[in-house]
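K.L.:
One structure follows; several queries about it will come next.
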Number of protein chains: 2
Amino acid sequence: MRHFRVTLAYDGTDFAGWQSQARGRTVQGELEAALSRLSGGGRVPVAAAGRTDAGVHALGQVVCFKLARELDPPELVRALNGLLPLDVRALEAAIVPEAFHARRSALAKAYRYELDTGPVQVPTRRRYAGHAPGVGHRDLVLAVPTLFLGRHDFASLASAGSSVKTTERTVLRAEVSWEGETLVFEVEADGFLRRMVRSMVGGLLAVGRGTHTVEELRQALLACDRRAWPTPAEARGLTLVSVRYGA
Amino acid sequence: MRHFRVTLAYDGTDFAGWQSQARGRTVQGELEAALSRLSGGGRVPVAAAGRTDAGVHALGQVVCFKLARELDPPELVRALNGLLPLDVRALEAAIVPEAFHARRSALAKAYRYELDTGPVQVPTRRRYAGHAPGVGHRDLVLAVPTLFLGRHDFASLASAGSSVKTTERTVLRAEVSWEGETLVFEVEADGFLRRMVRSMVGGLLAVGRGTHTVEELRQALLACDRRAWPTPAEARGLTLVSVRYGA
């Protein structure tokens, strides 16, 4: 058995998210179906670095699995791309040690969120950026990311019903920039709670629209209560950019 | 009757092009259906600056039409966006003199083509960029646009069966740049033959892949024979960016 790590990119628009479920097309489902065909039948269980939600995209999702077939990494990439639908692509593959696990071995994950704030969103942006007009306080938004930096209990930014051992995470990088009328938020952390990035963007938007001050957001974070935090932004603007592992 | 000029953006992926036809969903068809509802029934004929082909996008298509209803331009934009499908948006409107015509009054149109040249195209780029791996001569491609500049007979770059009075056009600007592995081609001309921009990109690609030299392309242009010119690039990478009118 060879243990493979594969980097995937996908357009999340037409998926019910990463994780296999009873209803709806999922990235995991498509990948496992392709791997099952490659290995001549039988399930090939796959683990992913980030279990992206419906509508969330990936440029550098990382997955791992064991395969009985003796393929070289470039052959595996070609074979997968021949079997996968066009909205999922394998970008690269490597043979990794037994101990490697796409999620547990990850040191950090980086996400990017794009939010168009003009009055009308151009249709070619609709799949890959959220839309929220009426952001009057563009400069104030730039001050929000510092709230997130470092180790915090992000319980206020978690979605309801998640069952995680701890809601503490360490944010290593958090930056906002404006590209014309588009707000771009980039964040890297040792891990993310479900909807955490979209909640962060909800916070940016609340300050940009003037419904919250930065100080009110700080209090909402400290409250460790998701009812204190503004609504998360739409899924479609979010992309899992990359996953970092040790050397 | 008010004579309106409206700027439109659309995602051409799910359209059979601009122009109404017996089969297939078209941008003109959607716009005329919305205008017909706005004016209480009856056809409202619309003219566009550029009759984009199936799969071609627009950020700044310009159209004109007469409307019996006394709407202000911002009201018209809102009303249209309430009636149009989400892959077509009205960006702005203005009341224009009787003599204005979206195509005939245009001084110049600008198109942009994006071509991904990496081995695998990331799915989030698939709708809005062509894909052609194996472009080894990245620097040579930069020399091609000068061939197009100025007034030329572009018969070699026209699609078969077009019936135009003259195949001469004046190219005002033509530039290639590389953004990572993506070739970006921007071109502005007083008018374009059908598939002319995609043929230009086909020429860039032929030089980039080494199947043609720049000198061979020059001869192919001078030949005024479409069989001499390389195959046009795919529609999906092409966007009508803007249309210029006199002051």
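K.L.:
When the residues of region B:131-148 are filtered to those that are under 30 Å from A:Ala79 (Cα atoms) and part of a loop (DSSP other than H, G, I, E, B), which remaining residue is farthest from the other protein chains (Cβ to nearest Cβ)?
P.N.:
Of the residues in region B:131-148, the ones under 30 Å from A:Ala79 (Cα atoms) are B:131-138.
Still in the list and also part of a loop (DSSP other than H, G, I, E, B): B:132-137.
Working: B:Ala132: 16, B:Pro133: 12, B:Gly134: 15, B:Val135: 18, B:Gly136: 19, B:His137: 24 Å.
Among those residues, the one meeting the criterion is B:His137.
K.L.:
When region A:1-35 is examined, which residues are found to be in contact (Cβ under 8 Å) with a residue 40 or more places away in the chain and of a type in the set (Asp, Glu)?
P.N.:
A:Asp11, A:Asp14, A:Glu30
K.L.:
Looking only at region A:1-27, count every residue that is part of a strand (DSSP E or B), of a type outside the set (Ser, Thr, Tyr) and either touching a Gly at 6+ places or on another chain (Cβ under 7 Å) or facing chain B (nearest Cβ under 10 Å) (or both) and tell me the total. It would help to see each step written out before you state the result.
P.N.:
From region A:1-27, those part of a strand (DSSP E or B) are A:2-10; that's our starting set.
Those still in the list that are of a type outside the set (Ser, Thr, Tyr) too: A:2-6, A:8-9.
Narrowing further to those that are either touching a Gly at 6+ places or on another chain (Cβ under 7 Å) or facing chain B (nearest Cβ under 10 Å) (or both): A:8-9.
Adding up the residues that qualify gives 2.
K.L.:
Which residues, counting only those in region B:79-97, are open to solvent by less than 30 Å² (accessible area, probe 1.4 Å) and part of a loop (DSSP other than H, G, I, E, B)?
P.N.:
Listed by number, the residues that qualify are B:Leu84, B:Asp87, B:Val96.
K.L.:
Filter region A:133-142 down to the residues that are in contact with a Lys or Arg (Cβ under 9 Å, 6 or more places away or on another chain) and either surrounded by fewer than 20 Cβ atoms within 10 Å (Cβ to Cβ) or modelled with pLDDT under 95 (or both) and list them by number. I'd like the intermediate steps shown before the answer.
P.N.:
Taking region A:133-142 first, the residues in contact with a Lys or Arg (Cβ under 9 Å, 6 or more places away or on another chain) are A:134-137.
Those that are in contact with a Lys or Arg (Cβ under 9 Å, 6 or more places away or on another chain) and either surrounded by fewer than 20 Cβ atoms within 10 Å (Cβ to Cβ) or modelled with pLDDT under 95 (or both): A:Gly134, A:Gly136, A:His137.
K.L.:
In addition: For A:Arg209, which of the numbered conditions (1) crowded, with 17+ Cβ neighbours inside 10 Å; (2) within 22 Å of A:Val62 (Cβ to Cβ); (3) charged (D, E, K, R) fails to hold?
P.N.:
(2)
K.L.:
Across region A:111-126, which residue is nearest to the other protein chains (Cβ to nearest Cβ) among those that are crowded, with 18+ Cβ neighbours inside 10 Å and in contact with a Lys or Arg (Cβ under 6 Å, 6 or more places away or on another chain)?
P.N.:
In this case the residue turns out to be A:Pro123.
K.L.:
Within region A:63-78, which residues are among the hydrophobic types (A, V, I, L, M, F, W, C) and in a helix (DSSP H, G or I)?
P.N.:
Within region A:63-78, A:Leu76, A:Val77 meet the criteria.
K.L.:
Against the conditions (1) touching a helix residue (DSSP H, G or I) at 6+ places or on another chain (Cβ under 7 Å); (2) modelled with pLDDT of 95 or more; (3) hydrophobic (A, V, I, L, M, F, W, C); (4) open to solvent by 10 Å² or more (accessible area, probe 1.4 Å), where does B:Phe65 fall short? Just the number, please.
P.N.:
(4)
K.L.:
Can you tell me which residue among A:Arg236, A:Arg173, A:Arg169 is in contact with a helix residue (DSSP H, G or I) (Cβ under 8 Å, 6 or more places away or on another chain) and outside any helix (DSSP H, G or I)?
P.N.:
Details: A:Arg236 fails: outside any helix (DSSP H, G or I); A:Arg173 fails: in contact with a helix residue (DSSP H, G or I) (Cβ under 8 Å, 6 or more places away or on another chain).
Result of the check over A:Arg236, A:Arg173, A:Arg169: A:Arg169.
K.L.:
Right, here's the next one. One residue is enough: does region B:105-120 have a residue meeting the conditions farther than 25 Å from A:Gly118 by Cβ, hydrophobic (A, V, I, L, M, F, W, C) and under 18 Å from the mean Cα position of the chain (by Cα)?
P.N.:
Going residue by residue through region B:105-120, those that are farther than 25 Å from A:Gly118 by Cβ are B:105, B:107, B:115-120.
Imposing the further condition that a residue be hydrophobic (A, V, I, L, M, F, W, C) reduces the set to B:107, B:115, B:120.
Pick out the ones that are also under 18 Å from the mean Cα position of the chain (by Cα) and you get B:107, B:115.
Within region B:105-120 (the criterion being farther than 25 Å from A:Gly118 by Cβ, hydrophobic (A, V, I, L, M, F, W, C) and under 18 Å from the mean Cα position of the chain (by Cα)), the answer is yes, since at least one residue qualifies.
K.L.:
Here's another thing I want to ask about it. Within region B:68-110, track down each residue that is within 14 Å of chain A (Cβ to nearest Cβ) and either without any contact (Cβ under 8 Å) to a residue 40 or more places away in the chain or of a type in the set (Ser, Thr, Tyr) (or both).
P.N.:
B:Pro74, B:Glu75, B:Arg78, B:Asn81, B:Gly82, B:Leu86
K.L.:
Still on this model: Among the residues of region B:136-189, which ones are among the aliphatic types (A, V, I, L, M) and in contact with a Leu (Cβ under 7 Å, 6 or more places away or on another chain)? Let's see the steps before the verdict.
P.N.:
To start, the set of residues in region B:136-189 that are among the aliphatic types (A, V, I, L, M) comprises B:140-144, B:147, B:149, B:155, B:157-158, B:160, B:164, B:171-172, B:174, B:176, B:183-184, B:187, B:189.
Scanning region B:136-189 gives B:Val141, B:Val144, B:Leu147, B:Leu157, B:Ala158, B:Val164, B:Val171, B:Ala174, B:Val176, B:Leu183, B:Ala189.
K.L.:
Still on this structure, please answer the following. Checking the structure you have, find out if any residue of region B:112-130 is touching a Gly at 6+ places or on another chain (Cβ under 9 Å), outside any loop (DSSP other than H, G, I, E, B) and farther than 26 Å from A:Thr124 by Cβ.
P.N.:
no
K.L.:
Identify, by number, the condition in (1) open to solvent by 80 Å² or more (accessible area, probe 1.4 Å); (2) under 18 Å from B:Gly50 (Cα atoms) that B:Arg226 doesn't meet.
P.N.:
Result: B:Arg226 passes all but (2).
K.L.:
Continuing with this model, one more query. What number of residues within region B:4-31 are open to solvent by less than 30 Å² (accessible area, probe 1.4 Å) and under 18 Å from B:Leu91 (Cβ atoms)?
P.N.:
Qualifying residue count, region B:4-31: 13.
K.L.:
While we're here: What about A:Ser105, is it over 30 Å from A:Glu234 (Cβ atoms), surrounded by fewer than 19 Cβ atoms within 10 Å (Cβ to Cβ), modelled with pLDDT of 95 or more and among the hydroxyl-bearing types (Ser, Thr, Tyr)? Spell out how you get there, then give the answer.
P.N.:
On the way: over 30 Å from A:Glu234 (Cβ atoms): yes; surrounded by fewer than 19 Cβ atoms within 10 Å (Cβ to Cβ): yes; modelled with pLDDT of 95 or more: yes; among the hydroxyl-bearing types (Ser, Thr, Tyr): yes.
Against the criterion (over 30 Å from A:Glu234 (Cβ atoms), surrounded by fewer than 19 Cβ atoms within 10 Å (Cβ to Cβ), modelled with pLDDT of 95 or more and among the hydroxyl-bearing types (Ser, Thr, Tyr)), A:Ser105 qualifies.
K.L.:
Continuing with the same structure: Kindly check whether there is at least one residue in region B:36-50 that is surrounded by fewer than 16 Cβ atoms within 10 Å (Cβ to Cβ), in a helix (DSSP H, G or I) and either without any contact (Cβ under 8 Å) to a residue 12 or more places away in the chain or away from chain A (no Cβ under 14 Å) (or both).
P.N.:
Yes: one or more hits.
The values are calculated or read from the model by the stated rules, or taken from the named source; none is laboratory data. Just so it is clear, the model here is predicted, and its values are computed rather than measured. Glycine gets a Cβ as well: all are built from the backbone with ideal geometry, and neighbour counts include every protein chain shown. Ligands, DNA and RNA are excluded from the accessible area calculation, which covers all protein heavy atoms including side chains. Shrake-Rupley method; radii C 1.70, N 1.55, O 1.52, S 1.80 Å.
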